[in-house]
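Notes for the one structure printed next.
The values are calculated or read from the model by the stated rules, or taken from the named source; none is laboratory data. These numbers were taken from a predicted model, which means no experiment stands behind them. Virtual Cβ from ideal backbone geometry, glycine too; neighbours counted across all protein chains shown. Surface areas here come from the heavy atoms of the whole protein model, side chains and all, with no ligands, DNA or RNA. Shrake-Rupley method; radii C 1.70, N 1.55, O 1.52, S 1.80 Å.
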Amino acid sequence: MNYSNKILLSIFIICLFSAKSASQNNPYVDERALHFGFFVGMNSADFGIRTAKTTFDGVKYAVADARLQPGFLVGVISDFRLHDYWNVRINPSLQFVERELTYKNLTSNELTRQTILSVPLCLPVYLKYSSQRVGNYKPYLIGGVGAYYDLAHNEEKPILLRPLDFYVEFGIGCDFYFSFFKLAPELKFAIGFNDVFTPLSQRKSGFFSEADRKYSDMLSHLTSRMITLVFNFE
């Protein structure tokens with residue numbers, strides 16, 4: 001277990017025992033019709049890949065996702081109460097995402113990696129279903145849809161992604177009640193609807209080198225997938 005994972009696990013354990021051992025905090029906080037907050041977190045993303053061909057200049061290649069890279073995100077929370085157990089949430093965020101594709105030369109076993117950086121502005125709308133509150137914690141399920149616009153769209157990269165995507169997202173979390181605020185660790189998984197890959201035939205000439213052509217030519221379809229761990233402060 002690396003250092004960052006140990007920190008996150010320690011925070012979760014502290015929250016759990018603090019909430020469980022204390023008397024009930026903020027007993028009326030969930031009765032507000034509208035409230036706001038913010039969140040910070042980490043993400044890790046990859047692609048669903050469909051290749052166009054496996055041979056380039058007579059050499060066979062295999063294309064796959066490389067190791068997952070950590071990113072981070074920040075955002076704000078707008079929460080609308082519908083019922084004792086149901087809430088609608090609008091959580092715009094700014095994210096920093098790094099993904100890698102690995103190209104393996106099957107003759108020489110040489111590996112080449114292409115790093116794709118994205119800075120998406122995300123606007124999701126969620127429906128949150130909470131269980132009954134027990135002491136100072138309350139588990140919940142969350143799901144919704146969202147739009148994604150990449151602010152780091154770069155025509156000069158060997159692999160160009162379309163800036164706009166739509167996605168479905170779902171996850172679990174738990175509200176921990178403290179004297180002056182509510183903290184909720186939340187784990188979510190998002191799947192993109194669109195093919196975000198831009199083929200060379202749809203790109204402007206002069207923005208990429210011939211040496212980099214193979215990285216794009218070997219792909220036909222990319223969809224986004226992302227897992228996020230956020231900490232909501234409300």
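Can you pull out the residues in the stretch 122-142 that are among the small types (Gly, Ala, Ser) and either open to solvent by less than 20 Å² (accessible area, probe 1.4 Å) or under 13 Å from the mean Cα position of the chain (by Cα) (or both)? Result: SER130, single match. All of (1) open to solvent by 40 Å² or more (accessible area, probe 1.4 Å); (2) modelled with pLDDT under 75 hold for ALA66 with one exception: (1). Checking the structure you have, find out if any residue of the stretch 47-58 is touching a Ser or Thr at 6+ places or on another chain (Cβ under 6 Å), at pLDDT below 90 and open to solvent by 80 Å² or more (accessible area, probe 1.4 Å). Yes, because at least one residue in the stretch 47-58 is touching a Ser or Thr at 6+ places or on another chain (Cβ under 6 Å), at pLDDT below 90 and open to solvent by 80 Å² or more (accessible area, probe 1.4 Å).
SER108 meets the stated requirement of being within 30 Å of ALA66 (Cβ to Cβ) and either polar (S, T, N, Q) or open to solvent by 80 Å² or more (accessible area, probe 1.4 Å) (or both).
Closer than 30 Å to ASP195 by Cβ, aromatic (Phe, Trp, Tyr) and within 21 Å of the chain's Cα centre (by Cα), is that true of PHE47? Talk me through it step by step, then tell me what you get.
Numbers: closer than 30 Å to ASP195 by Cβ: yes; aromatic (Phe, Trp, Tyr): yes; within 21 Å of the chain's Cα centre (by Cα): yes.
So PHE47 fits the description; yes.
Go through TYR149, TYR85 for me and flag whichever is open to solvent by 40 Å² or more (accessible area, probe 1.4 Å), farther than 17 Å from PHE231 by Cβ and free of Cβ contacts under 8 Å to residues at least 40 places away in the same chain.
Numbers: TYR85 fails: free of Cβ contacts under 8 Å to residues at least 40 places away in the same chain.
Answer to the check: TYR149.
Is there a residue being more than 16 Å from the chain's Cα centre (by Cα) and open to solvent by less than 20 Å² (accessible area, probe 1.4 Å) anywhere in the stretch 196-203? Looking through the stretch 196-203, at least one residue is more than 16 Å from the chain's Cα centre (by Cα) and open to solvent by less than 20 Å² (accessible area, probe 1.4 Å). Look at (1) open to solvent by less than 80 Å² (accessible area, probe 1.4 Å); (2) within 15 Å of the chain's Cα centre (by Cα); (3) within 30 Å of GLY135 (Cα to Cα) and you find that ILE191 fails only one, number (3).
Each residue in the stretch 91-105 was checked for being under 17 Å from the mean Cα position of the chain (by Cα) and surrounded by fewer than 19 Cβ atoms within 10 Å (Cβ to Cβ), and 5 of them qualify. Taking the stretch 152-188 as the range and being over 18 Å from the mean Cα position of the chain (by Cα), charged (D, E, K, R) and crowded, with 18+ Cβ neighbours inside 10 Å as the test, the residues that pass are LYS157, ASP175, LYS182. Being of a type in the set (Gly, Ala, Ser), at pLDDT 90 or above and in contact with a Ser or Thr (Cβ under 9 Å, 6 or more places away or on another chain) is true of GLY192. Scanning the stretch 204-230 for residues that are within 19 Å of the chain's Cα centre (by Cα) and within 17 Å of PRO163 (Cα to Cα), we see that the one that is most open to solvent (accessible area, probe 1.4 Å) is ARG225.
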